[in-house]
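> First the structure, then my questions, so here it is.
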Amino acid sequence: MILVINCGSSSVKFAVMEPLEQVMLVSGLAEKLGSDGAEIAIKIGVQKNPTPRRSWKDASGSLIKIEDYQKEVYQLGNGGHTEALAKLVEVLKAHGLLNELTAVGHRVVHGGSYFSDSAVITPEIIEKVTECNVIAPLHNPANLLGIEVATQQLPNLPQVAVFDTSFHQTMPDYSYLYATPRSWEKEHHVRRYGFHGTSHRFIAIKTAELLNKPLSDLNIICAHMGNGSSICAIKGGESMDTSMGFTPLPGLIMGTRSGDIDPALITYMAERLNTDAQGVIDILNKKSGLLGVSELTNDMRELTEAATKGHEGAQLAVEMFCYRVAKYVAEYMVPLQRLDALVFTGGIGENSAIVREKVLAHLRFLGFIVDPAVNDKTYGGKTTVITTAGSTRAMVVNTNEELMIAMDTHQLTRTSGAVKSVSFENY
Ligand code: AMP
């Protein structure tokens, strides 16, 4: 079993996964760490009968979510990451799960240009991840803290880093470079890195399996649409282009992030708002996107409901979101030339029929014809093709970043070698 950890500056998301069976046994979140009200909530899957865990896999062979669980919540005083993980270890021990852990997999946001695959953590790896702090100052220090604390709490287990960026290291230079002075890249690491790579890679592998096609022959566009959104052109299982860039700010319109804007706006608005460049960037990250346009909420479910009731801001935000996604899909036909499927995933992609329908309506010229009966019924964890027979294929596939991290961790701590060729059939 693998403990999967996703460490933020004041939170830790975690899960215990059995990658061979594709089962999640524990999940949870510690939040408000380092301040009053710090707490950890742990959901532990409960077996209704004493059959072995193997039987948790359902008939279709897909991952069983913890539908039936007990939730334990503990206050941590104003404890930090150390106290949170110590409590998790204590609870896992009490449930007899601690001794079953074989490794810890960490989500690490930025691997810079160093990592094109996941890596077993060693002092050299820590050094390289630390070097990436300069280009990911908000995320990597928290991820490193998670690694440090997990190593203290679980010193006998190997630890693996799985990077959000590594999947995109296959992008060609004409795709990842900005048209800025070359010295910016050489001296200051300025280039498109892309993020959400763990999700995009999972979707590529899963879609190949679902379509019964070798990954090396699969061309898809993956639209990961959630609170953070990005889109990726994946050719033969490799990322060719993606909408996030040097940071996760550009590309699609997101919950509170603007996505693409004219960079000249930054100094213009800094002057107007009597702030500095960082002040404007903060607004572009936290007060823009669906929230900024709608002046209502960053939540797509609320927006689509408000839009049907006539809220003009909500209607505009939904239209802008769908138009931007469709424009990127059309753009990514350039690197792909031939498309096996447009895949929707993430909270919005998996659940919002109206968003998928609007995106596909813009893309009729590419041969997409949505099947409304199927599309309308696809939410809440269903994986299916949502277009008619004869249409260019669009489908909904549920992403599972925790499982991808657990699979990488499992593979790297059992054998050495690249993880890209992992097939679900091996698991
Ligand atoms: P994620 O960040 O992947 O968890 O996705 C969060 C986003 O998914 C939020 O904007 C939610 O409103 C959206 N979402 C979840 N369920 C639905 C739904 N049934 N309809 C529309 N949006 C949804």
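The values are calculated or read from the model by the stated rules, or taken from the named source; none is laboratory data. Since this is a predicted model, take the numbers as computed values, not measurements. FYI the Cβ positions are ideal-geometry reconstructions off the backbone, even for glycines, and counts take in every protein chain you see. Heads up: the accessible areas ignore ligands, DNA and RNA and are worked out on the full protein's heavy atoms, side chains in. Shrake-Rupley method; radii C 1.70, N 1.55, O 1.52, S 1.80 Å.
> With the contact rule set at Cα under 8 Å and sequence spacing of 6 or more, what percent relative contact order holds for the range 123-201?
That works out to 27 percent.
> Grab the DSSP H runs of the chain that are 4 residues or longer, score each as -39,500 (n - 2.57), total them, divide by all residues and round the 222 nm result to the nearest 500 deg cm²/dmol.
-10500 deg cm²/dmol, from helical runs alone.
> For the range 355-401, what does the alpha-carbon gyration tensor say about shape, rounded, prolate or oblate, given a ≥ b ≥ c as the root eigenvalues, a/c under 1.5 as rounded, and a/b over b/c as prolate?
prolate
> Measure out, as a whole number of angstrom, how far apart the alpha-carbon centroids of the range 10-42 and the range 328-381 sit.
For the range 10-42 versus the range 328-381, the Cα centre distance is 32 Å.
> Hey, got the dipole for the chain? About the Cα centre, +1 on K and R Cβ, -1 on D and E Cβ, debye to the nearest 20?
That gives the chain a dipole magnitude of about 720 debye.
> Over the range 279-427, what is the relative contact order in percent, taking alpha-carbon pairs closer than 8 angstrom and at least six residues apart?
16
> Quick one: among 297, 165, 308, which has the greatest mean-square fluctuation in a GNM of the chain with alpha-carbon springs under 10 angstrom?
308
> Can I ask one more? With a 1.4 Å probe and all protein chains in place, put 240, 404 in order of accessible area, largest first.
240, 404
> The range 92-152 to the range 206-261: how many Å between their Cα centroids?
Going from one Cα centre to the other spans 23 Å.
> For a test of the definition: using alpha carbon positions, the gyration tensor, and the 1.5 limit on a/c, classify the chain as rounded, prolate or oblate.
Judged from the Cα gyration tensor, the chain comes out rounded (a/c under 1.5).
> What is the range 83-169 by shape, rounded, prolate or oblate, if you read a ≥ b ≥ c off the alpha carbon gyration tensor as root eigenvalues and call it rounded for a/c under 1.5, prolate for a/b larger than b/c, and oblate otherwise?
prolate
> Kindly report, to the nearest 10 Å², the accessible surface of residue 342 as traced by a 1.4 Å probe over protein heavy atoms only.
0
> Could I ask something else about it? Please list 182, 107 from largest to smallest accessible area, probe radius 1.4 Å, with all protein chains kept in place.
182, 107
> Roughly speaking, what is the stretch gain from residue 35 to residue 180, that is 0.36 nm per residue apart minus the C-alpha to C-alpha distance, in nm to one decimal?
Full extension of this stretch gives 48.0 nm more.
> OK, next. Just reorder 196, 362 by solvent-accessible area, largest first, 1.4 Å probe, all chains present.
Descending order: 362, 196.
> Mind listing which trypsin sites (Lys or Arg not before Pro) in the range 250-357 are in a DSSP loop and have 10 or fewer other Cβ atoms within 10 Å?
Sites meeting the loop and neighbour criteria: 309, 338.
> Now for a separate question. Longest segment of the chain with no GluC sites (Glu not before Pro) in a DSSP loop having at most 15 other Cβ atoms within 10 Å?
Formally, the longest exposed-site-free interval is 68-294.
> Going down the table (128/235; 32/358; 13/287; 87/206; 235/286; 287/309), which pairs top 31 Å between alpha carbons?
Those over the limit are 32/358; 87/206; 235/286.
> Report the net charge of residues surrounding residue 348, where surrounding means a beta-carbon distance below 11 angstrom and charges are Lys +1, Arg +1, Asp -1, Glu -1.
Residues near residue 348 contribute 0 overall.
> Can you tell me the relative contact order of the chain? Whole percent, Cα pairs under 8 Å, sequence separation 6 or more.
Once normalised by length, the contact order is 14 percent.
> Quick check on the range 228-364: what does the Kirkwood estimate of hydrodynamic radius come out to from the alpha carbon pairs, in Å?
About 15.8 Å, per the Kirkwood formula over Cα pairs.
> Another question about this same structure. Residue 364 versus residue 152, label points 7 Å from Cα toward the beta carbon: distance in nm?
6.1
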